[in-house]
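Okay, structure first, notes after.
The values are calculated or read from the model by the stated rules, or taken from the named source; none is laboratory data. Model, not experiment: these values are computed from the prediction. Here the Cβ is made from the backbone with ideal geometry for all residues, glycine too, and neighbour counts use every protein chain on show.
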Amino acid sequence: MKPKFLFALLAGLASIALLFTACGDDDDDGGDDNGGSEPAAQVGDLDIMAPYSRGTLERGAVFFTVVNNGTEDDALIAAAADIAGSAEIHETVMNDSQAMMQPVEKIDVPAGGEVTLEPGGLHVMLLDLPEPLEVGQTFPVELTFEKAGTVELTVEVQSYSD
Amino acid sequence: MLVIVWPFASGGAQTPTEFRGDEIIDGWGKPDFTLTDENGAPYDLQAETEGFVTALYFGYTYCPDICPTHMADVAFALEDNPGLRDNVKVVFVTVDPERDDSARLKLWLDLFDEDFTGLTGTTAEIDSASKDALGDLWRPIETFVTHGDDYTVSHPAFVVGYGLDNRARVIWQLGTPTDVYANDIQVMLDEGSPS
């Protein structure tokens, strides 16, 4: 009983195609190429791009891209959202097709680089929401960076189909 | 960027014949287990899903990104293809029975599709069920305490598709587009059962 996966050309191409689809679906510009779209928020040399949230029942997650236009490395070290009981920075670690989510102390944003928080990877986790998030609802989230400091941005709740 | 035009994408007249998820060659048999469903009733997987294509997933309702994404993708695939809907059973088995009782599973799954089945049981029952269901892809379920009494649980980040032949045929990884789910379900329905 040794299953062999047929990672056929078809499947391989499908994966590539879906990567693009996933980026395009999240927002106008949720992918690696943030050229041309306006930052949702700015602090110091950092641009916060294309933030959105999703949630079920009392849990939610916030996703966005941070672009570091500066010459100094920075890092996201804390997040807060009044809408939730608490907010934490989490990473879903994929290992051997198994997913495990765990808190991380910080997310590095290298000088001249960018980092994207997205499903299956990094996210700001919202815990103990008194009311479930509703699609279309907006709420403020505060992000604190090691060097650039704190910035507030407005996040819209998206459907899981977006 | 590669532009790929699928001959059978989105409503084409052609019948799909190839899996677009990760096809499993010589897949294992559909597991034989009975757990408790979202209404608190016993659910015998083999009996309840006989004659249906079955999408089986192991996750937990406190999962913020992967589990709801998978369930939403399957739900939208069926919503977009009502012809498939009556021939598919979607079964979500919790890996977190401590928090996911029947009522909780029902509340959560109804966010996606009221016809989805949610199963819970004892830790030992779920451990055994997941081993039978995942073949060589099974890995131990681990918990990770985040703070206080809150914790996260590891789980497979894919849905297993069982065909009408009651064998594991395809793996749908995170991010599988809804039309790929629909395509692969159609492939399995067209194959029919071996009898």
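Structure notes:
- Being buried (at least 19 other Cβ atoms within 10 Å of the Cβ), in a loop (DSSP other than H, G, I, E, B), at pLDDT below 95 and of a type outside the set (S, T, Y) is a property that A:G55 lacks.
- Residue within the range A:83-103 that is in contact with a strand residue (DSSP E or B) (Cβ under 7 Å, 6 or more places away or on another chain), charged (D, E, K, R), away from every other protein chain (no Cβ under 13 Å) and over 19 Å from B:T69 (Cα atoms) present: no
- Here A:T150, A:T144 are screened, and the one residue that is surrounded by fewer than 14 Cβ atoms within 10 Å (Cβ to Cβ) and part of a strand (DSSP E or B) is A:T150.
- Selected residue (only one of A:L76, A:L133, A:L126 is in a loop (DSSP other than H, G, I, E, B) and crowded, with 19+ Cβ neighbours inside 10 Å): A:L133
- Residues in the range B:79-95 that are touching a helix residue (DSSP H, G or I) at 6+ places or on another chain (Cβ under 8 Å), of a type outside the set (S, T, N, Q) and within 11 Å of B:Q186 (Cα to Cα): B:L84, B:R85, B:V88.
Here's the yes/no breakdown for (1) in a helix (DSSP H, G or I); (2) over 21 Å from B:S193 (Cα atoms); (3) at pLDDT 95 or above:
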| site | (1), (2), (3) |
| --- | --- |
| B:A55 | no, no, yes |
| B:T61 | no, yes, yes |
| B:M71 | yes, yes, yes |
| B:A77 | yes, yes, yes |
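- Restricted to the range B:143-167, and to residues there that are at pLDDT 90 or above and at the interface with another protein chain (Cβ under 7 Å from one of its Cβ atoms), the residue that is farthest from B:L56 (Cα to Cα) is B:T152.
- Pairs, first within 14 Å of chain A (Cβ to nearest Cβ) and touching a residue at least 24 places away in the same chain (Cβ under 8 Å) in the range B:19-40, second outside any loop (DSSP other than H, G, I, E, B) and among the polar types (S, T, N, Q), C-beta under 8 Å, six or more apart: B:F19/B:N183; B:R20/B:N183; B:G21/B:Q173; B:D22/B:Q173; B:K30/B:Q46; B:K30/B:T49; B:K30/B:T54; B:P31/B:Q46
- Selected residue (criterion: surrounded by the fewest Cβ atoms within 10 Å (Cβ to Cβ)) from residues of the range B:70-124 that are farther than 19 Å from B:I141 by Cβ and of a type in the set (S, T, Y): B:S102
- Entry remark, the range B:101-121: residues being of a type outside the set (A, V, I, L, M) and either within 11 Å of chain A (Cβ to nearest Cβ) or touching a Pro at 6+ places or on another chain (Cβ under 8 Å) (or both) number 6 in total.
- Residue satisfying condition, being within 11 Å of chain A (Cβ to nearest Cβ) and either free of Cβ contacts under 8 Å to residues at least 60 places away in the same chain or touching a His at 6+ places or on another chain (Cβ under 6 Å) (or both), within set B:A47, B:A75: B:A75
- So A:A84, is it in a loop (DSSP other than H, G, I, E, B), farther than 24 Å from B:Y57 by Cα and out of contact with any Leu (no Cβ under 9 Å at 6 or more places or on another chain): no
- Taken as a whole, the structure leaves B:I66 outside the set of residues that are in contact with a helix residue (DSSP H, G or I) (Cβ under 9 Å, 6 or more places away or on another chain), within 7 Å of chain A (Cβ to nearest Cβ) and of a type in the set (V, I, T).
- Residue in the range A:134-155 that is more than 15 Å from A:V43 (Cβ to Cβ) and under 14 Å from the mean Cα position of the chain (by Cα) present: yes
- Criterion violated by A:G112 - all others in (1) under 12 Å from the mean Cα position of the chain (by Cα); (2) at positive phi; (3) not basic (K, R) satisfied: (1)
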